[in-house]
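S.K.: The structure that follows is given in the form of structure tokens.
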Amino acid sequence: MAQSEAVSKVRPWLVLLATCLSVFLVTLDVTIINLALPSIQRDFAISLVEGSWILNAYTLAFAAFVIVGGKLGDIFGRKRFLLLGTLVFTTGSLLGALSPNVHTLVAARVIQGLGGAMMMPGSLSVLTEAFQNRNMSLAIGLWGGIGALGLVVGPLVSGSFTSLFTWRAIFFLNLPIVVVAMTIIFLTVRESRDVTIDRRIDYLGVVLSAGAVLLLVLAIMGGNIYGWTSVQTLGLFSGAGLLILLFAMAEIHVTYPLIEPSFFRNRAFAVGTAVRFSAGFGFVPVVLMSTIFLQNFLHKSAFEAGLLFLPAGATIAVATLFWGKVVDYYGPRIPMIIGMAITGVAALLWLRFDASSGYTAILASLLLASFGGAAAFVTTTVIVVNSLGVNKAGVASGIANMMQNVSAALGVALVSAVFLNSLRSELAEKAPFADYQRVQSFGPEIGSVVQAEAFANAMSDAALAVVIVLFLGAAIAFFLPKDFSISGPVAPPLKDPDAGNVPPNVVD
């Protein structure tokens with residue numbers, strides 16, 4: 001009996017370890033290609049535009065199908081879909097490591113994205129089932145913080161592995177982590193699903209939602225390539241808008257919707273997803289701008305730039321534990337407001353950059369962004385899951401992560417567009433004879449104060465949009481109900497024809 005109780009106490013923490021490894025892999029691969037891209041371009045003799053698809057393919061596949069992955073896990077079993085997603089992700093990683101050409105590598109990234117779309121919501125779902133109301137905020141906080149850590153250390157892993165080995169090593173790195181995660185999941189996770197919903201699949205909703213997100217992200221990415229007022233970009237935005245409208249109409253009338261319209265009438269859920277959108281819009285561009293600053297402005301190597309991200313990674317690890325405890329004691333509302341405000345201040349520091357700015361300036365921004373970003377991701381995850389109840393954890397996680405990825409793509413595209421346009425104007429005014437293409441690709445010439453000033457001013461201009469969105473997110477956070485409970489509602493179980501009468505959320 002004592003041994004059984006000991007196993008019962010240990011099991012949730014093993015589940016936490018496995019789910020943290022899963023979410024770390026998913027977020028790591030968002031940024032792990034960044035510093036390896038120049039090496040890939042040289043090996044495959046491709047242009048920057050062609051190489052950008054290696055970056056974007058993963059984000060596109062993940063963003064388009066993460067809601068579907070969460071919903072199907074809720075219907076057919078979270079453990080089953082988490083294992084399936086991990087297997088798909090592993091297949092993509094292995095294919096990426098062995099890719100003979102760029103087309104195979106892009107396909108591998110799509111496969112990784114599809115696997116990640118099942119892993120991300122699946123990992124959060126099994127985590128919430130394992131902890132229920134026992135240390136749930138701390139567990140979710142750790143899960144969210146490790147996910148944010150993956151985004152930050154991606155450049156470190158990318159730079160160091162590419163410098164020490166080859167870019168293919170970054171894909172091989174995934175394999176041993178996957179083996180450990182899958183073993184723990186298989187041995188410790190109990191199968192669970194949402195027994196309160198119809199098990200039929202809303203195929204029309206799947207097609208419309210995936211198509212809408214796909215076109216929207218393509219439109220955002222196309223803005224920098226074709227121009228924001230080009231026929232291609234406007235056509236993609238129009239197509240996305242039409243599909244979103246059709247999706248909303250379909251979900252209202254279908255009897256087993258992919259996303260229940262009532263979700264967004266829940267004020268806590270609406271606030272949580274809106275703040276998550278703001279956090280994604282701001283946090284990922286700050287990491288991107290920091291990478292550009294270190295490599296192009298300070299002329300650091302990929303390996304050096306990766307090492308300089310280490311303090312930010314350490315800050316996230318510590319901040320996650322801190323904010324998880326704070327949320328357990330005081331609830332998520334005040335920590336969410338504070339976290340968004342701190343992240344806004346991190347972006348605000350970019351407005352003070354000039355030609356003399358060095359690593360100290362960027363470090364202050366990175367540390368604040370890591371500390372505040374950890375609070376934002378921890379609190380919004382807790383809110384989104386608890387506002388709908390554990391039964392809806394899969395689809396809730398899918399919606400939150402879709403919002404985050406779309407907002408991150410929008411933030412990166414907008415920041416890039418403002419930076420490039422501002423840099424062109426600054427150089428035309430202050431250094432008319434400078435080679436714009438060379439400066440925007442490789443940074444200002446060493447010793448050229450004028451070019452450095454133009455580059456720093458352009459980065460400051462790009463940060464302004466991020467500052468506005470982050471402080472807007474902090475303002476939205478005030479609308480979270482003051483009496484919001486982190487235990488959240490759990491829907492009562494219904495008679496299920498396939499599983500019989502079973503306890504809420506657990507399938508034996």
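S.K.: Based on what the data block shows, is Thr162 over 21 Å from Gly73 (Cβ atoms) and either charged (D, E, K, R) or in contact (Cβ under 8 Å) with a residue 12 or more places away in the chain (or both)? Steps first, please.
M.R.: Working: over 21 Å from Gly73 (Cβ atoms): yes; either charged (D, E, K, R) or in contact (Cβ under 8 Å) with a residue 12 or more places away in the chain (or both): yes.
Judged against the criteria, Thr162 is a match.
S.K.: Can you find a residue that is assigned by TED's automatic domain parsing to the domain that holds Thr27 and more than 26 Å from Ser278 (Cα to Cα) anywhere in segment 458-469?
M.R.: Here is the first cut: in segment 458-469, the ones assigned by TED's automatic domain parsing to the domain that holds Thr27 are 458-469.
With the extra rule that they be more than 26 Å from Ser278 (Cα to Cα), the set shrinks to none.
Checked segment 458-469: no residue is assigned by TED's automatic domain parsing to the domain that holds Thr27 and more than 26 Å from Ser278 (Cα to Cα).
S.K.: Exactly one of these conditions fails for Val385: (1) buried (at least 23 other Cβ atoms within 10 Å of the Cβ); (2) outside any helix (DSSP H, G or I); (3) not small (Gly, Ala, Ser). Give me its number.
M.R.: (2)
S.K.: For Gly447, work out the one condition from (1) surrounded by 19 or more Cβ atoms within 10 Å (Cβ to Cβ); (2) outside any helix (DSSP H, G or I); (3) small (Gly, Ala, Ser) it doesn't fulfil.
M.R.: (1)
S.K.: For segment 245-261, give me the residue count where each residue is loosely packed, with under 13 Cβ neighbours inside 10 Å and either modelled with pLDDT of 80 or more or β-branched (Val, Ile, Thr) (or both). Before the answer, list the steps.
M.R.: Pass one, segment 245-261, residues loosely packed, with under 13 Cβ neighbours inside 10 Å: 245, 249, 252-253, 255, 261.
When the remaining residues are screened for being either modelled with pLDDT of 80 or more or β-branched (Val, Ile, Thr) (or both), the result is 245, 249, 252-253, 255.
The qualifying residues number 5.
S.K.: Further question: Within segment 213-244, how many residues turn out to be under 25 Å from the mean Cα position of the chain (by Cα), among the hydrophobic types (A, V, I, L, M, F, W, C) and modelled with pLDDT of 85 or more?
M.R.: Total meeting the criteria: 6.
S.K.: Here are some residues: Val384, Val327. Which one is among the hydrophobic types (A, V, I, L, M, F, W, C), more than 29 Å from Phe76 (Cβ to Cβ) and at pLDDT 80 or above? Quick ask: steps written out before the conclusion?
M.R.: On the way: Val384 fails: more than 29 Å from Phe76 (Cβ to Cβ).
Result of the check over Val384, Val327: Val327.
S.K.: Being closer than 26 Å to Lys71 by Cα and not in a helix (DSSP H, G or I) is the filter here, so list the residues in segment 168-195 that pass it. Outline the logic, then answer.
M.R.: The first filter runs over segment 168-195 and keeps only residues closer than 26 Å to Lys71 by Cα, leaving 174, 177-195.
Val189, Arg190, Glu191, Ser192, Arg193, Asp194, Val195 - these are the residues of segment 168-195 that are closer than 26 Å to Lys71 by Cα and not in a helix (DSSP H, G or I).
S.K.: Which residue out of Lys71, Lys79 is in contact with a helix residue (DSSP H, G or I) (Cβ under 7 Å, 6 or more places away or on another chain), in a helix (DSSP H, G or I) and either closer than 19 Å to Trp143 by Cα or of a type in the set (Val, Ile, Thr) (or both)?
M.R.: Values: Lys71 fails: either closer than 19 Å to Trp143 by Cα or of a type in the set (Val, Ile, Thr) (or both).
Matching residue, one of Lys71, Lys79: Lys79.
S.K.: Continuing with this model, one more query. Answer yes or no as to whether Ile252 is closer than 23 Å to Leu214 by Cα and among the aliphatic types (A, V, I, L, M).
M.R.: Details: closer than 23 Å to Leu214 by Cα: yes; among the aliphatic types (A, V, I, L, M): yes.
When the stated conditions are applied, Ile252 passes them.
S.K.: Counting only residues that are of a type in the set (Ser, Thr, Tyr) and within 20 Å of the chain's Cα centre (by Cα), which one in segment 120-169 is farthest from Trp13 (Cα to Cα)? Steps first, answer last, please.
M.R.: Of segment 120-169, the ones of a type in the set (Ser, Thr, Tyr) are 123, 125, 128, 137, 158, 160, 162-163, 166.
Imposing the further condition that a residue be within 20 Å of the chain's Cα centre (by Cα) reduces the set to 123, 125, 128, 137, 158.
Numbers: Ser123: 13, Ser125: 15, Thr128: 12, Ser137: 13, Ser158: 29 Å.
Only one residue fits best here, namely Ser158.
S.K.: Something else: Of these, Thr104, Thr90, Thr128, Thr59, which one is out of contact with any Phe, Trp or Tyr (no Cβ under 7 Å at 6 or more places or on another chain), more than 30 Å from Gly324 (Cβ to Cβ), in a helix (DSSP H, G or I) and of a type outside the set (Gly, Ala, Ser)? Outline the logic, then answer.
M.R.: On the way: Thr90 fails: more than 30 Å from Gly324 (Cβ to Cβ); Thr128 fails: more than 30 Å from Gly324 (Cβ to Cβ); Thr59 fails: more than 30 Å from Gly324 (Cβ to Cβ).
Going through Thr104, Thr90, Thr128, Thr59 in turn, the sole match is Thr104.
S.K.: Kindly list the number of the only condition in (1) crowded, with 24+ Cβ neighbours inside 10 Å; (2) out of contact with any strand residue (DSSP E or B) (no Cβ under 9 Å at 6 or more places or on another chain) that fails for Val126.
M.R.: All conditions pass for Val126, except number (2).
S.K.: Modelled with pLDDT of 80 or more and either assigned by TED's automatic domain parsing to the domain that holds Phe131 or closer than 24 Å to Glu50 by Cβ (or both): is that true of Phe264 in this structure? Can you show your working first?
M.R.: Details: modelled with pLDDT of 80 or more: no; either assigned by TED's automatic domain parsing to the domain that holds Phe131 or closer than 24 Å to Glu50 by Cβ (or both): yes.
When the stated conditions are applied, Phe264 does not pass them.
S.K.: Of a type outside the set (Lys, Arg), over 16 Å from Val406 (Cβ atoms) and buried (at least 21 other Cβ atoms within 10 Å of the Cβ): which single residue out of Val213, Val271 fits that description? Even if it seems obvious, please write down each step before you answer.
M.R.: On the way: Val213 fails: over 16 Å from Val406 (Cβ atoms).
Exactly one of Val213, Val271 is of a type outside the set (Lys, Arg), over 16 Å from Val406 (Cβ atoms) and buried (at least 21 other Cβ atoms within 10 Å of the Cβ), namely Val271.
S.K.: Do we find that Gly147 is buried (at least 21 other Cβ atoms within 10 Å of the Cβ), in a helix (DSSP H, G or I) and not basic (Lys, Arg) in this structure?
M.R.: yes
The values are calculated or read from the model by the stated rules, or taken from the named source; none is laboratory data. For clarity, every value in this text was computed on a predicted model and none was experimentally measured. With ideal geometry, Cβ positions are generated from the backbone for all residues, glycine too; neighbour counts draw on all protein chains shown.
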